[in-house]
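Down below is the structure, laid out as structure tokens.
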Amino acid sequence: MPTATRACARSPSARSAAVRSCSRRRSTTPRRPNRPPAPHPDRPPESAAVQFFLQQCLIGLTNGALVALVALGYTMVYGIIGLINFAHGDLIMLGACLALSLVGLLGLAGAGVAGSIAGIVFLVVACGTFCGLLNVAVDRLVYRPLRTAPKLAPLVSAIGVSFIFMNIGLFWIGPADRSFPDLLPAGNLLGDDGLRFAAKDLLVVAVVVPLMVLLSILVRVTPLGRAMRAVSQDQTVAMLVGIDVDRVIAATFFIGGFLGGAASVIYGLYINTIGFQMGFQNGLYAFTAAVIGGIGSIPGAVVGGLVIGLVRSLASAVVGERWTGAVVFTILIVILVFRPEGLLGRRTREKV
């Protein structure tokens, strides 16, 4: 029997004390609600939450396609000569500087929709060619003389080239960030309600996807692609069967630089801001995408770029922009712990 109940049976004073004790215990007992609590006013309804999630996925896929286009430059060069070209991100920054200068010289900001589309095509070709030729020149002057040197020498040289490019960008556009004109209309292509998909999002898909498809066809079908695959397997054997290894490597640098130049134009139109330090962060994320997908693998670079884009978008919406980098690199570490060769990379054996 409980203590209070036994006291109720002994005396009136004890009964009164027991009643007060029982009242206090009932008042501290949580009550079962008669009706469900009202939803929090700041909590979105279920449909709004689903739409918010889909919107973030759409943003992540668009950003991921752009990251994948940059990551292809890293993975192609590494797949051919085993070099991590840290200058690739700053090469893209120089392409964005050229795109901004051409927009001002040609007066594309007020050219209308048709003129803007023609101007964007011209910018992609011009900046892609510029970055491709600059990449070939760097290979010819810096990397080719170090072809037989220890791997640390070209790696340090790539870091040096990155700093040289960054200082050229500082001299070109100055220390402050520059606004990139918005050449496309900002309206929602899907209507006023629902998901938002603007013309700049369509531009990313319309430029990035065909370039990836053409690159895949080039590598798998054309004689140049077969030569690139042969050089990536063994340069000595490829040379013995008559392949001009230096020419194949130069072509690889040009293609990677051209894709980077195209990415620089899309980046300027999509983000609308460029700066001389933009190459470091974008290059770091693109390199991370190449490693996640399996560096040296072209499909892996695409998959890694999409993964990075989705993770960045969802992390920015859930935990905040400042924690995005920590989330991305945590996922990178987890993936590499379980698959050191990346998601689509192949396990290789090192000769002793």
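The values are calculated or read from the model by the stated rules, or taken from the named source; none is laboratory data. Everything numeric in this text was worked out from a predicted model, so none of it was measured. In this analysis, Cβ positions are derived from the backbone assuming ideal geometry, glycine residues included, and neighbour counts consider all displayed protein chains. The accessibility values were calculated without ligands, DNA or RNA, using every heavy atom of the protein model including side chains. Shrake-Rupley method; radii C 1.70, N 1.55, O 1.52, S 1.80 Å.
A simple spin-label model places the labels of V241 and F338 3.7 nm from each other, with each point 7 Å out along Cα-to-Cβ. Which FRET efficiency, nearest 0.05, do L284 and A114 yield, Cβ-Cβ r, R0 45 Å? Calculated transfer efficiency: 0.75. Each Lys and Arg Cβ is given +1 and each Asp and Glu Cβ -1; about its Cα centre, the range 161-313 then shows a dipole of about 240 debye. Ranking of V205, V231 by solvent-accessible surface, largest first: V205, V231 (1.4 Å probe, protein heavy atoms only, all chains present). In the range 119-271, a dipole from Cβ-located charges (positive for Lys and Arg, negative for Asp and Glu) runs towards its positive end, and of P185, I271, V219 it is V219 whose Cα lies farthest in that direction.
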